[in-house]
Amino acid sequence: MTNEFAVEVEMPLNLLPNFGLAVLVVPLTGREGFGPDFYRRQADDQNFGRIDIQEGQEILTQLIQAGWATPGQLGLSGCSYGGYYTAQLISQFPGLVAAANPQCSLLDTLTEWQLGYSSLLSYLVGQTPMENPTAYLEISPLYNASAIRTPTMLFHGAEDFLQIDVARNFHDAIENSGVPVTLYKFEGTGHSLTDPEFQRIAAQLQIQFFRQYLGE
């Protein structure tokens, strides 16, 4: 167990509420704390890139149906897999949320299989790209970016092992659809913004972005 203030932009559990933006965190499929079956479920039946995305869509819909929020008041943010989750949800459910802030994100599973965690992806997807390239295309936000209708702000380290060029391509695909999108590249940093000065800058950008696009 760890004790954190959680004021980082990657995990703004205290940051955003202190500036008038409520944060909801939910334990979706594949997260720790609910046993091995729950943790491994993403690897079952081609669930990866789908099951927890659908769970998130259901939760957001429940918030709206309960009258606790409107679509114009909902935003998403996350880093690494959280960035993937954010990007994948807005590509699969266009218009469900009003703003999205993917950070240090996995965006292209084909590139990641070639240059990164091929064994993990093969396990999660159940096949290699050579066996089922369509599956890898479907679970890659990059190849579905033209469907996105959510204003998007991307954070990415110039030295991230998840290539900045992929983030640029994702940005360009969203921009080509006429959707507001900005990519902030942080020089000299890798996966997540560990530099306190970068955190300060990114926090100001994150707060301003959500205040701009989320309703009262």
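Quick one: in segment 144-188, of everything that is among the basic types (Lys, Arg) and not in a helix (DSSP H, G or I), which residue is farthest from Ile201 (Cα to Cα)?
Per the criteria, the residue is Arg149.
A Cβ distance below 6 Å, combined with a sequence gap of six or more or placement on separate chains, defines the contacts here; from segment 64-79, residues that are over 16 Å from Ser91 (Cβ atoms) and free of Cβ contacts under 8 Å to residues at least 12 places away in the same chain reach residues that are assigned to a helix (DSSP H, G or I) and of a type in the set (A, V, I, L, M) in the pairs Ala69/Leu63.
I'm checking my understanding of the structure. Among residues of segment 119-143 that are among the aliphatic types (A, V, I, L, M) and assigned to a loop (DSSP other than H, G, I, E, B), which one is nearest to Gln208 (Cα to Cα)?
Restricting to residues being among the aliphatic types (A, V, I, L, M) and assigned to a loop (DSSP other than H, G, I, E, B), the top hit is Ile139.
Only one of Ala158, Ala145 is in contact with a Phe, Trp or Tyr (Cβ under 8 Å, 6 or more places away or on another chain) and surrounded by fewer than 14 Cβ atoms within 10 Å (Cβ to Cβ). Can you tell me which?
Just a single option satisfies the conditions, and that option is Ala158.
Remark: pairs (first residue in segment 117-138, modelled with pLDDT under 95; second residue part of a helix (DSSP H, G or I) and basic (Lys, Arg); Cβ separation under 9 Å; 6+ apart in sequence or on different chains) are absent. Per the listing Asn132, Asn169, the residue uniquely surrounded by fewer than 18 Cβ atoms within 10 Å (Cβ to Cβ), polar (S, T, N, Q) and under 26 Å from Ala98 (Cβ atoms) is Asn169. In segment 94-114 there is at least one residue that is exposed (fewer than 14 other Cβ atoms within 10 Å of the Cβ) and without any contact (Cβ under 8 Å) to a residue 40 or more places away in the chain. Restricting the search to helices (runs of 4 or more DSSP H) fully inside segment 11-92 and requiring at least 1 residues that are in contact with an Asp or Glu (Cβ under 8 Å, 6 or more places away or on another chain) and modelled with pLDDT under 95 gives 36-40. Selection of segment 189-204 for residues being within 18 Å of Ala6 (Cβ to Cβ) and assigned to a helix (DSSP H, G or I) yields Pro196, Phe198, Gln199, Arg200, Ala202, Ala203, Gln204. Considering segment 35-71, the residues that are surrounded by 12 or more Cβ atoms within 10 Å (Cβ to Cβ) and among the aliphatic types (A, V, I, L, M) include one that is farthest from Glu138 (Cα to Cα), namely Ala69.
The values are calculated or read from the model by the stated rules, or taken from the named source; none is laboratory data. The structure presented is a predicted model; accordingly, all values stated were derived computationally and were not measured. Cβ sites come from the backbone with ideal geometry, for glycine too, and all protein chains shown count toward neighbours.
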